[in-house]
Amino acid sequence: MKFVPLTLDRVPEAEKEIDDVSQRIRQRLEHVEMIFNLHHQFRDIKLVQHVGDNGWTHPWRYFDALMYYLLLTCFDLLGQPAEWVSFSEWLESSKKIAERKLAVASIPEGSDPITVTQHINRVYQNIYGVKNSFYNFISNVLTDAERTELYFNIEIVRGRKDGDPHTSYPALGYVNDDKKKLEFLYNLRNKFTHSAVTMGSPNAGISPHAYKGIEENGKILRGYVEIYREAKKNEWLIYQVRDWPFVLHRIILAALTRREEAFHKSNGRI
């Protein structure tokens, strides 16, 4: 499977006039495509690294995780308010006076300076914060069908820490909660940035079929692949994904297309 080309030099001349966010997303998608196209160069079983309890990993998981992170940053870009500004700009912008006045008017009476600062920052984050933008993209920018497709391709499995990894965790059941899947998506994006946590699969480092699936009766079957596990008391929460990075790319492309169509329409080009 290949990504749909998105760079500006590959699109019709009439469509090159797009807003800045759309252009940055196009560049980011090109970046992801370039990383993906490297995977055959890193397919080398000699690079396998052994980890405890007969486990293994491979450096390709760093590239896999980087693709996911880059794609998920497009979520908050596409979910941002139309006129996003940094906190310092928001404090000084003449265009944001009304928002600041509302923030000041809602400060609890008798608040100390720290509480005032926290309140003002909270108001800003509620409008322009990355988390709000990220959640807004999934909840309001995506169509119902796109959101369903996104969540369908994420699986959260409960597993015993002391059990056989091939038999124990399916027996403990699955976490069928879209809110947990939403939290996982945001944590993947955020932990990569702030905690240097890598959530990716090493499989493409040894298998030429890692991103291709298995063909059966003319259909391509894709299984879930573990990219991260989280300790919860005596259990693991095992996060598995299916058809990644392609499903992320597809829904970003669909939302980007709608954004650009709206931009052209507002500028009289449609």
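Of note:
- In this simple spin-label approximation, GLN125 and ARG43 carry label points 7 Å from Cα along the Cα→Cβ vector, and these lie 4.5 nm apart.
- Neighbour-count order for SER94, SER139, SER88, fewest beta carbons within 10 angstrom listed first: SER94, SER88, SER139
- Trypsin sites (Lys or Arg not before Pro) restricted to region 46-140 and DSSP loop, no more than 15 other C-beta within 10 Å: none
- Residues whose amide H lies under 5 Å from that of MET199, counting only those 5 or more places away or on a different chain, are absent; hydrogens are built 1.01 Å from N in the peptide plane.
- Long hydrophobic helices in the chain: the complete DSSP H runs spanning 18 Å or more by Cα along their own axis with mean Kyte-Doolittle hydropathy of at least -1.0 are 20-36, 60-79, 113-128, 246-266.
- Computed [θ] at 222 nm, helices only, for the chain once each DSSP H run of length n ≥ 4 contributes -39500 (n - 2.57): -15000 deg cm²/dmol
- Each part reduced to its alpha carbon centroid, region 106-172 and region 223-240 end up 18 Å apart.
- Proxy reagent accessibility, fewest Cβ within 10 Å first, across HIS264, HIS209: HIS209, HIS264
- Proximity of backbone amide H atoms, modeled 1.01 Å from N, is registered between TYR228 and TYR239 at under 5 Å, excluding neighbours fewer than 5 places apart on the same chain.
- Estimated FRET transfer efficiency when R0 is 51 angstrom, pair ARG100-LYS161 (beta carbons, to 0.05): 0.55
- Working from Cα pairs under 8 Å separated by at least six residues, relative contact order for the chain is 25 percent.
- Cβ crowding within 10 Å, taken as a proxy for footprinting-reagent exposure, orders GLU261, GLU216 from fewest neighbours to most as GLU216, GLU261.
- Lysine pairs with alpha-carbon atoms under 22 Å apart, region 166-270, spacing 8 or more or separate chains: 11
Just so you know, all these numbers are worked out from the coordinates, no wet-lab data involved. Here the structure is a predicted model, which means the values were calculated and not measured. No Cβ is skipped: glycine too gets one built from the backbone with ideal geometry, and neighbour counts run over all protein chains shown.
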